[in-house]
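Each value in this text was obtained by applying a stated rule to the coordinates, not by laboratory testing. From a predicted model like this one, the values you see are computed outputs, not experimental measurements. Glycine also receives a Cβ, built like all others from the backbone with ideal geometry; neighbour counts cover every protein chain displayed.
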Amino acid sequence: MVAALGAGASRDATATGVRYLLQLLSEQATGNTVEVRVPPFGAVQAIEGPRHTRGTPPNVIEMDASTWLALATGAETWASALAAGRVAASGSRADLSGHLPILRMRE
């Protein structure tokens, strides 16, 4: 199912979906402790906690667009994506499991 999420979608549609779901994450998990990156489409800071102001944040999560879309819509779990190496998470607060899914897809 993960592969089917972005299958056939244009780059513009993928970019829009990624950015929209990142925006929802930042609205639902307000804060500046964790930076979530989905290159090349976007990045947001989220989750309450200590704020960083300069340089690379201490808590960073990075993944590709298809992984982000799958996680954000509940098509894949945080644990499975992390175990499969599709998510790079560094820092003691770099965990989105309590904030996912953001938006569930209808079946």
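Compared with the alpha-carbon gap, the fully stretched path from residue 16 to residue 60 is longer by 13.7 nm at 0.36 nm per residue.
Among beta bridges identified by DSSP and lying wholly in region 9-99, the antiparallel ones come to about 75 percent. In degrees, nearest 10, range 0 to 90: what is the angle between the Cα axis of helix 11-28 and the longest Cα principal axis of the chain? That helix lies at roughly 40 degrees to the long axis.
Just so you know, the Cα atoms of the chain work out to an Rg and Dmax of 13.1, 43 Å.
What distance in nm separates the two pseudo spin-label positions at residue 43 and residue 27, each 7 Å out from Cα along the beta-carbon direction? Here the answer is 2.3 nm between the modelled labels.
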